[in-house]
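**Q** Below is one structure. I have some questions about it.
The values are calculated or read from the model by the stated rules, or taken from the named source; none is laboratory data. Because the structure is a prediction, the values reported are computed rather than measured. All Cβ positions, even for glycine, are placed from backbone atoms using ideal geometry, and neighbour counts span all protein chains on display.
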Amino acid sequence: MAATFKGGFHVHDHKDLTNTKRTKTLPDCDVHIYPLRQHIGAPLSPLVKPGDHVDVGQKIADSDQFVSAPVHSSVSGTVTKIEPYYHDSGTMTEAIFVENDKKYTVAQTVRPRDYKKLLDKDLLSAVREAGIVGMGGAGFPTHVKLSPKTKVDYVILNCAECEPYITADHRAMLEEPDKMIIGLKIAMRILDLTDGHIGVELNKPDAIAALKSSPEYNEHIHIVPLKVKYPQGAEKQLIKAVTGRRVKAGALPADAGAVVINGSTAVAIAKAVEDGMPLIERNLTVSGDAVKEPSNFHVRTGVPISFVIENAGGFIAKPEKVISGGPMMGIAQYNTDYPVVKTTSSVLALLHAPKIFDPDAPCIRCGKCVQHCPMQLMPFKLRQASVKNDVDMAMKYNATECIECGLCSYICPANKNILQYIRMIKPEVLKKQREGAK
Amino acid sequence: MENHYIVSSSPHIHTGVTTRRIMLDVIIALLPAVIVGGFLFGYYATIVIGASVASAVIAEWAFEKITKRPNTAGDLSAVVTGLLLALNMPPQIPIWMVCVGSGFAIVIAKQLFGGLGKNFVNPALAARCFMLIAWTGAMTTFREPLVDAVASATPLAIMKDGAAGTLPSLLQCFVGVKAGTIGEVSAIAILIGFAYLLVRRVITPTIPVIYVLSFAVLTFFFGKQAMDVNYLLYQILTGGLLLGAVFMATDYTTTPTTPLGAVIFAAGCGILTFLIRRFGGYPEGVSFSILLMNVAAPLIERYTIPKSFGNKGGAASK
């Protein structure tokens, strides 16, 4: 029996477009753009100025705050300018432009180390210095996750990859299983745990086999097969499936004694500690029916997404929608100029954007949103609350617990785009809760 | 800025299953019952079905035309209502009564409360009960299938009041060769529709299974012929129980959306059906049971709000 959680729905995954394709390396790109915002936390200040020479792995922006993660150059070359530029969040953010000299000279600071000989606190600072953030999409600084206030009992690698289309983690498990397990072992050391878990959806049996045949695999690494169901990779749902524990409303995973790290992030941890190389590269899936050759790429950060798409053969025809991330939780883009950042797991181009909002169709109370909500909420009631702007009602139906997985909108036969309504009322509820707490 | 793509809030994909598609699935699921009914009761039954569907659609269109609302006949919900009502009719019902009933279902039970998704009782059932009261004679006169104009009591009436007539065999009941309404007679046709609805995920088995199960348990232990499996099977296979449990009690709008609510709702239907059939004046009780539970649905829903993932107390605990 595969582990799972209550609710959810099997979303058609389209992973066959790319899951058997080996990860390719991109050709040289002339200019790399590094937004200063690639994480959740304190904003960064640039450490370089136009005209400066930078090397591969050199830190170019940092903050003295704990909850932040520095940014490094992924190429060697010259800083040309620092100015606001497109960001996949849809806003313009300050970015450092580096002209690639294509020599890829590695910075002095990048030195290989043996993680087994390093002290725990050095391991943690190595993770911080490498600028590692959650690469599944959220971008929460990993060293913060690895410094829980109280001792945790579980560290779980999230290799569910439940978003449709994306195969970046899947390929990482197949191609770099050793690094991934080393990353997990480093996390286990930092958290002072003897055992670690890896949650993988059952639709990736080859990945499970690859992990199990790695020389790094041993009896302390537990691979947990997960039921193929969206959103299996959502943090709280994954913890429930693997440990049986429930993260209470408003609590952090660490409060339930668990730390969850994305699989690709574990690979980045291993590279940061063993090779001394900061997070400057990631796996990225280019997919969707508008892409000529859907592919997986090793991408150096800072590459414009248009360059990545060109190397996947470009578009067959003009897509209606381009999405950064998965189709369920990703962000729709109005152009393809935005650069790849640490959290860019995929870019999707869809020829047809299906209708998910119909103002005229009434809710028929089918209850599908209630039946499938992974948080056991009543999404259609939350939508009603939002339409009426009734904050108390939204509070009563636990609006703030919504993890915004999008299943309610995906499944709604009346195309009510329920999630968007919940997003509209959520800040109001949070405000009221804060006021109530005072 | 030569490239512009559509920007919207996530998610960016959809199942493709719309209200219209669901209604179409219900229509497809009802087809076996329609075909068997038409075969057993002849061309007149087919006319009843056609008239009921046509008047439902026309009523919907006309009401929206008069009240200057957007035309929703395209969502096919009026077709479903018309079909369900027709399947609840005795085969020789006068056509004009069917038309009035169908119009009642759409205008009074559905549109006056705000249309699709807003009605508080199942429109087809409300219309049926209205007709039962208005034209009791016509609505309770049944005839034998496959032969012309031989009046006959329904098996339930025979079992209840000892009405004249011989009980058909259980096999006949299962296939549908017995007196009854156009759509209720054939258990097998209804079960095929049930299977289709389950496969298409239009409904979950909860309500039909719990409804029939709770009714069966009560009937088996406390029925007129308690501990009699044969009697129990007759009670399940005859009358509107299966049609009601599969197609009426599962109506989205008038049933609780919460998982626990659905269980309570279905059990309530089963208990009420048993009480009416066992102690009430009518041999049949399915329509009234479901209607009564429809009315209770909002209340049930309110007290069965699921406990959210991270909130043990749940929203309803205050």
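**Q** Can you name the condition, by its number, that A:ALA394 falls short on among (1) surrounded by 24 or more Cβ atoms within 10 Å (Cβ to Cβ); (2) within 15 Å of B:SER10 (Cα to Cα)?
**A** Failed condition: (2).
**Q** Further question on the same structure: Out of segment B:45-98, which residues are within 14 Å of chain A (Cβ to nearest Cβ) and of a type in the set (Val, Ile, Thr)?
**A** If the condition is that a residue be within 14 Å of chain A (Cβ to nearest Cβ) and of a type in the set (Val, Ile, Thr), then B:THR72, B:VAL80, B:THR81 are the ones that fit.
**Q** A further question follows. Scan A:ASP101, A:ASP153 and give me the residue that is under 16 Å from A:THR301 (Cα atoms), surrounded by fewer than 18 Cβ atoms within 10 Å (Cβ to Cβ) and either touching a residue at least 60 places away in the same chain (Cβ under 8 Å) or not aliphatic (A, V, I, L, M) (or both). Lay out the reasoning, then the answer.
**A** Details: A:ASP153 fails: under 16 Å from A:THR301 (Cα atoms).
Within the list A:ASP101, A:ASP153, the selection yields A:ASP101.
**Q** Okay, next question. Spot the failing condition for A:THR344; the list is (1) buried (at least 24 other Cβ atoms within 10 Å of the Cβ); (2) within 8 Å of chain B (Cβ to nearest Cβ); (3) in a loop (DSSP other than H, G, I, E, B), and only one is missed.
**A** Failing condition for A:THR344: (2).
**Q** Right, something else. State all residues of segment A:310-335 that are part of a loop (DSSP other than H, G, I, E, B) and more than 30 Å from A:ILE261 (Cβ to Cβ); if no residue qualifies, say none.
**A** A:GLY313, A:GLY314, A:ILE316, A:ALA317, A:LYS318, A:PRO319, A:GLU320, A:TYR334, A:ASN335
**Q** Counting residues that are basic (Lys, Arg) and in contact (Cβ under 8 Å) with a residue 12 or more places away in the chain, which helices (runs of 4 or more DSSP H) fully inside segment B:1-109 reach at least 1?
**A** The qualifying helices (runs of 4 or more DSSP H) are B:19-66.
**Q** Next question. Restricting attention to segment A:354-370, which residues are under 28 Å from the mean Cα position of the chain (by Cα), buried (at least 19 other Cβ atoms within 10 Å of the Cβ) and modelled with pLDDT under 95?
**A** A:ILE356
**Q** Can you name the residue in segment A:290-328 that is crowded, with 23+ Cβ neighbours inside 10 Å and touching a Cys at 6+ places or on another chain (Cβ under 7 Å) and is also nearest to the other protein chains (Cβ to nearest Cβ) among such residues?
**A** Within segment A:290-328, the match that is nearest to the other protein chains (Cβ to nearest Cβ) is A:MET328.
**Q** Shifting gears a bit: Going by what's in this entry, would B:ASN311 be described as out of contact with any strand residue (DSSP E or B) (no Cβ under 6 Å at 6 or more places or on another chain), at pLDDT 95 or above and either within 28 Å of B:MET131 (Cβ to Cβ) or not acidic (Asp, Glu) (or both)?
**A** No.
**Q** Starting from residues that are of a type in the set (Gly, Ala, Ser) and at pLDDT 95 or above, keep the ones in segment B:6-36 and report whichever is surrounded by the fewest Cβ atoms within 10 Å (Cβ to Cβ).
**A** That would be B:ALA29.
**Q** Quick check on this structure: which one of A:THR109, A:THR78 is more than 21 Å from the chain's Cα centre (by Cα), polar (S, T, N, Q) and part of a loop (DSSP other than H, G, I, E, B)?
**A** Only one candidate passes the filter, namely A:THR109.
**Q** Could we say that B:LYS224 is surrounded by fewer than 24 Cβ atoms within 10 Å (Cβ to Cβ), away from every other protein chain (no Cβ under 11 Å), basic (Lys, Arg) and over 24 Å from B:PRO123 (Cβ atoms) here?
**A** It is true that B:LYS224 is surrounded by fewer than 24 Cβ atoms within 10 Å (Cβ to Cβ), away from every other protein chain (no Cβ under 11 Å), basic (Lys, Arg) and over 24 Å from B:PRO123 (Cβ atoms).
**Q** Additional query: Considering only segment A:203-211, I want to know if a residue exists there that is under 20 Å from the mean Cα position of the chain (by Cα) and surrounded by fewer than 23 Cβ atoms within 10 Å (Cβ to Cβ).
**A** yes
**Q** Let me ask something else. State yes or no: is A:CYS405 buried (at least 21 other Cβ atoms within 10 Å of the Cβ), more than 7 Å from chain B (Cβ to nearest Cβ) and assigned to a loop (DSSP other than H, G, I, E, B)?
**A** Working: buried (at least 21 other Cβ atoms within 10 Å of the Cβ): yes; more than 7 Å from chain B (Cβ to nearest Cβ): yes; assigned to a loop (DSSP other than H, G, I, E, B): yes.
So A:CYS405 fits the description; yes.
**Q** Working carefully through the options B:THR258, B:THR250, find the one that is more than 22 Å from B:ASP25 (Cβ to Cβ), within 14 Å of another protein chain (Cβ to nearest Cβ), in contact with a Pro (Cβ under 9 Å, 6 or more places away or on another chain) and in contact (Cβ under 8 Å) with a residue 24 or more places away in the chain.
**A** Answer to the selection: B:THR258.
**Q** Shifting gears a bit: With respect to A:LYS248, determine if the residue is modelled with pLDDT of 95 or more, farther than 20 Å from A:HIS72 by Cα and charged (D, E, K, R).
**A** no
**Q** Within 14 Å of chain B (Cβ to nearest Cβ) and either acidic (Asp, Glu) or touching a Phe, Trp or Tyr at 6+ places or on another chain (Cβ under 7 Å) (or both): is that true of A:PRO359 in this structure?
**A** It is false that A:PRO359 is within 14 Å of chain B (Cβ to nearest Cβ) and either acidic (Asp, Glu) or touching a Phe, Trp or Tyr at 6+ places or on another chain (Cβ under 7 Å) (or both).
**Q** Same structure again: I'm trying to understand the selection: among the residues of segment A:139-165, which are within 14 Å of another protein chain (Cβ to nearest Cβ) and aliphatic (A, V, I, L, M)?
**A** Across segment A:139-165, there are no qualifying residues.
**Q** Which one of A:HIS39, A:HIS32 is part of a strand (DSSP E or B) and buried (at least 17 other Cβ atoms within 10 Å of the Cβ)?
**A** Selected residue: A:HIS32, the only one of A:HIS39, A:HIS32 that is part of a strand (DSSP E or B) and buried (at least 17 other Cβ atoms within 10 Å of the Cβ).
**Q** Restricting attention to strands (runs of 3 or more DSSP E) lying wholly within segment A:258-306, give those where 2 or more residues are within 20 Å of A:VAL127 (Cβ to Cβ) and of a type outside the set (D, E, K, R).
**A** Those strands (runs of 3 or more DSSP E) span A:258-262.
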